[in-house]
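As structure tokens, the structure follows; a few thoughts come after it.
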Amino acid sequence: MLRTRCTQGHRGGLRAHARTRSTTISDRVIAPFEPQVSLLVTIPGVERRTAEELIGEIGIDMGRFGSAERLASWAGMCPGHHESAGKQRSGRTRPGPKWLRRTLCEAAKAAGNSKGTYLGAQYARLRGRRGPAKATKAVGHSILVATFHMLSTGALYEDLGADWFGRLRPQQHARRLQHQLESLGYDVTITPKAAA
């Protein structure tokens, strides 16, 4: 009985020692990449641990991928394209590194909950039409593309804003709002504002 208690106490001490040891090892390993980590943390939904995992999976040299599209394809975060005899087949994505996909999906869900950001608006916009799984993958793709450009150029993340989709196509946005009001029972006529 005494031996069991000593062993359990010793195990608890070993676990605590292993945790602190792994923390100091990870700090030493990630220290050379601190500028890149602090750069990636500016993306909504990406925290320090997520940035470390992204760098651990894809590295900091983006020249080996060539383009953001190739990186997204390698990571399995872009839609598949299978066409045969003029017919569209399965649009499944290719399998990529599972830890990278998991990290990007967690970051995408966190970014989807952010208010007043482009990624939050993208998630909300796609979730209504395509469902939460496809919206998560699309936002994860956007995070990966932003990561590629940020690590390539060293530029900070610039958020486009939650109203980006309305500013991108104002006529289409106005028509959508008109249809929403008409479905509520209002008669709406849209006239363009005179240029000043």
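What follows is calculated from the coordinates using simple rules that are stated; it is not laboratory data. Please read all numbers here as calculations on a predicted model, not as lab measurements. Positions of Cβ are backbone-derived with ideal geometry, glycine not excepted, and every protein chain shown enters the neighbour counts.
Mind giving me the nanometre distance, one decimal, between the label points for ARG94 and ASP61, set 7 Å out from Cα along Cα→Cβ? The two pseudo-label positions are separated by 2.1 nm.
Applied to the stretch 167-175, the Karplus parametrisation 6.51 cos²θ - 1.76 cosθ + 1.60 on θ = phi - 60° returns per-residue 3J(HN,Hα) values of 6, 5, 10, x, 5, 5, 5, 5, 5 Hz, with x for Gly and Pro. Listed values for the stretch 127-136 are Karplus-derived 3J(HN,Hα) couplings in whole Hz (6.51 cos²θ - 1.76 cosθ + 1.60, θ = phi - 60°), namely 4, x, 8, 10, x, x, 5, 6, 5, 4, and x replaces Gly and Pro.
Once the Cβ-Cβ distance of ARG167 and LYS134 is raised to the sixth power relative to R0 = 30 Å, the FRET efficiency obtained is 0.80. Overall dimensions of the stretch 28-162, expressed as equivalent-ellipsoid semi-axes from the Cα gyration tensor (√(5λ), whole Å, largest first), are 25, 19, 13. Computed from the C-beta positions of GLN180 and LEU156 and an R0 of 41 Å, the FRET efficiency is 0.70 to the nearest 0.05. If you wrap the Cα atoms of the stretch 131-196 in a convex hull and average its projected area over all directions, you get 7.6 nm². For GLY161, the amide hydrogen comes within under 5 Å of the amide hydrogens of TYR118, counting only partners 5 or more places away or on other chains and with H modelled in the peptide plane. Ordering of 65-76, 163-174, 43-54 by packing is 43-54, 65-76, 163-174, highest average first (other Cβ atoms within 10 Å, averaged per residue).
A Förster radius of 25 Å, combined with the Cβ-Cβ distance separating GLU34 from ARG102, puts the computed FRET efficiency at roughly 0.60. Once the chain from ALA85 to GLU69 is taken as fully extended at 0.36 nm per residue, the excess over their C-alpha distance is 3.3 nm.
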